[in-house]
1. Check whether at least one residue in region 177-191 is assigned by TED's automatic domain parsing to the domain that holds PHE40, within 13 Å of VAL258 (Cβ to Cβ) and exposed (fewer than 15 other Cβ atoms within 10 Å of the Cβ), and report yes or no.
2. Under 7 Å by Cβ, and 6 or more places apart or on different chains, what pairs join a residue from region 282-294 that is in the same structural domain as GLY267 (by TED's automatic domain parsing) with one that is among the polar types (S, T, N, Q)?
3. Identify, from the list SER251, SER270, the residue that is of a type in the set (Gly, Ala, Ser) and at pLDDT below 75.
4. Any idea which residue in region 250-283 is surrounded by the most Cβ atoms within 10 Å (Cβ to Cβ), counting only those that are of a type in the set (S, T, N, Q) and farther than 24 Å from GLU51 by Cβ?
5. Quickly run through region 364-376 and pick out the residues that are surrounded by 18 or more Cβ atoms within 10 Å (Cβ to Cβ) and not aliphatic (A, V, I, L, M).
6. Please return the ranges of strands (runs of 3 or more DSSP E) entirely within region 350-455 where 3 or more residues are within 36 Å of the chain's Cα centre (by Cα) and not aromatic (Phe, Trp, Tyr).
7. Residues LEU174, LEU168, LEU200, LEU129: which one is under 30 Å from ILE21 (Cβ atoms) and of a type outside the set (Phe, Trp, Tyr)?
8. Go through the residues of region 190-203 one by one and say whether even a single one is hydrophobic (A, V, I, L, M, F, W, C) and closer than 19 Å to GLY253 by Cα.
Amino acid sequence: MDTVILNLKTRIGRMLEEPEILNKISVWAIIFGLTEGLGFIFLLPAVTSLETGQASWGLYFTQWMIVYLGLAIIGGICLYFPAILSYSMAGDMLRTFHRRAGEQISRLPLGWFDDSKAGRMSRLVSYELMLAGEIIAHIIYAVQYKTVTVLVIVVGVFFWDWHLGLPLLLALPLIFVILLVAGKVGKRGKAIGEPGQVELTSRIVEFAQCQQALRAAGQDESYEQLNRAIAKARKSSYKELWLESLANILSGGIVQFVVVMLIIYVGNLSVRGVIPPLMAIAFIGISLRFNQLVTTVAQFVVAIETRRETLNSMDDLLVAKPLPAPIEAKPLPKPGELEMRDVSFDYGAAPVLRNISFTVPPQRMCALVGPSGCGKTTIARLFSRFYDSVSGEVLVGGVPVKEQESSALMSQLSMVFQDVYLFDDTLEANIRLGREDATFEEIEEVARLAGVTEIIKRLPEGWKTPVGEGGRSLSGGERQRVSIARALLKNAPIVLLDEATSSLDPENEDNIVNSVNELRKSATILVIAHKLDTIKEADMIVSLNSYGEIEAIGTHEELMKIGKTYARFIATRAAAAGWQLS
């Protein structure tokens with residue numbers, strides 16, 4: 001029991017701003033446990049005094065009633081103030097975990113977020129976090145003071161009369177074993193039910209996010225993967241319910257049986273004249289309270305065990321190893337320069353990049369070209385330090401990214417990806433994200449350069465128009481323009497463009513190309529593109545083959561003379577440009 005509480009306090013202490021509050025609650029629990037336990041022990045001398053009319057332990061019955069009044073006052077105080085502390089601690093834990101979880105997520109490598117993490121995190125920071133808060137608000141204090149009360153009762157009764165104390169003392173190890181088994185059964189039930197619930201949450205999130213694709217496939221009303229997840233979760237929930245019921249039967253039913261045996265035992269002592277009848281009645285009352293206390297503790301232990309997976313998940317998130325970074329920013333000897341030195345990388349399977357080495361001088365435009373899956377986007381992610389390379393060095397501004405403080409690295413980079421995410425806020429707020437202290441005149445200027453001004457004129461509330469979650473009220477091309485405006489506003493020395501002009505209509509493409517030309521005046525640009533016009537405009541081109549290796553570096557004309565992968569790529573693009581629907 002003590003091990004369970006100690007482990008629980010240690011884990012929750014890591015999630016609190018003021019972990020010392022746990023020690024305060026423990027002190028209150030000990031005081032209240034002693035007070036309540038003594039209240040039951042004093043019942044024996046008080047009853048003796050009532051029965052004989054003589055003083056027992058130096059006090060008469062009336063004086064014992066005064067003692068009980070004092071214990072009641074102390075008990076009321078010990079219930080009120082710890083309750084305030086417990087609720088305060090629960091609120092502290094909820095706030096602190098949300099903040100630390102956000103900070104931790106922002107530092108973790110993208111490889112940590114596998115397919116199940118979105119649903120898992122959604123469930124963790126909502127439903128499961130409230131379960132953990134319930135442990136703090138209602139369980140920790142109660143388990144501690146009830147445990148102390150039980151121990152005081154056993155010791156006190158044994159001190160009063162060993163005939164009464166011995167059976168209670170012998171019952172404790174048996175009850176402890178029952179609690180241990182019940183806790184394991186409850187934990188097993190949670191382990192069976194939890195995966196199904198996590199998968200169901202992930203599928204619900206997927207179902208909500210992918211409505212466009214599901215409707216196009218005619219599966220918006222009956223999504224088979226979601227149906228299977230629901231069936232699996234229902235089946236595992238039934239198993240979890242049965243095991244938790246068994247845990248409650250073990251912890252409650254068998255403990256009840258033990259107490260019944262105690263009552264039979266003390267009744268037998270009374271019949272034999274070993275103890276007086278009134279003393280037997282008092283002990284039966286103590287035994288019933290003993291039963292209630294132990295049963296409640298047992299139920300709380302089962303509850304703690306069933307919530308252990310939640311605590312494990314919270315621990316897993318908080319102790320996950322973020323990308324290491326120095327505390328202080330280093331001076332940059334080559335601002336605006338991008339470089340890779342013999343870089344190799346994989347996502348845990350086959351290698352994606354092999355021995356990549358190239359340098360992009362400041363204020364130059366470099367295009368990455370190659371077949372799908374050759375690692376172009378991975379190169380951009382490595383420069384952004386979304387991942388760390390397996391081997392070799394990735395440098396930004398002449399300093400390895402592993403040696404740069406995170407915010408200092410991000411201040412050098414603006415990123416525009418093919419799939420642009422806009423926040424559920426106004427159009428102005430989404431552009432201002434590029435630089436929070438920008439004036440409205442600066443925002444208007446970058447909006448004009450990126451072609452966002454034309455969008456604003458069509459929107460009902462202009463700059464103050466909400467764009468919806470993910471920017472769903474705007475088209476893909478319009479979202480790209482907003483993303484370009486962000487990059488222009490940030491005015492970072494390096495801009496990473498990942499297929500920013502892919503699949504856009506001519507009007508949107510012209511706006512984005514014009515914006516890129518504006519960026520070229522002051523920034524180094526690394527662009528991943530398939531458009532011939534964009535590639536030809538680059539100062540240098542890095543051509544990758546299908547194995548993730550650099551095949552050649554040069555201008556468009558130089559690479560065409562070399563031939564190989566780049567020449568085939570250009571020929572394919574040129575042929576595709578003439579395609580028509582007849």
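1. Pass one, region 177-191, residues assigned by TED's automatic domain parsing to the domain that holds PHE40: 177-191.
Among the residues that remain, those that are also within 13 Å of VAL258 (Cβ to Cβ) are: 177-179.
Imposing the further condition that a residue be exposed (fewer than 15 other Cβ atoms within 10 Å of the Cβ) reduces the set to 177.
Yes, region 177-191 has at least one match.
2. Hits for this filter: ASN291/GLN256; LEU293/THR149.
3. Working: SER270 fails: at pLDDT below 75.
Unique residue meeting the criteria: SER251.
4. Step one: of region 250-283, the residues of a type in the set (S, T, N, Q) are 251, 256, 268, 270.
With the extra rule that they be farther than 24 Å from GLU51 by Cβ, the set shrinks to 251, 256.
Values: SER251: 28, GLN256: 13.
This residue is SER251.
5. Within region 364-376, the subset surrounded by 18 or more Cβ atoms within 10 Å (Cβ to Cβ) is 364-370, 374-376.
ARG364, CYS366, GLY370, CYS374, GLY375, LYS376 - these are the residues of region 364-376 that are surrounded by 18 or more Cβ atoms within 10 Å (Cβ to Cβ) and not aliphatic (A, V, I, L, M).
6. Details: elements: 351-360, 365-369, 391-396, 413-417.
Output list reads 351-360, 391-396, 413-417.
7. Numbers: LEU174 fails: under 30 Å from ILE21 (Cβ atoms); LEU168 fails: under 30 Å from ILE21 (Cβ atoms); LEU200 fails: under 30 Å from ILE21 (Cβ atoms).
Matching residue, one of LEU174, LEU168, LEU200, LEU129: LEU129.
8. Filtering region 190-203 for residues hydrophobic (A, V, I, L, M, F, W, C) gives 191-192, 198, 200.
Cutting the leftovers down to closer than 19 Å to GLY253 by Cα gives us none.
Checked region 190-203: no residue is hydrophobic (A, V, I, L, M, F, W, C) and closer than 19 Å to GLY253 by Cα.
The values are calculated or read from the model by the stated rules, or taken from the named source; none is laboratory data. Since this is a predicted model, take the numbers as computed values, not measurements. With ideal geometry, Cβ positions are generated from the backbone for all residues, glycine too; neighbour counts draw on all protein chains shown.
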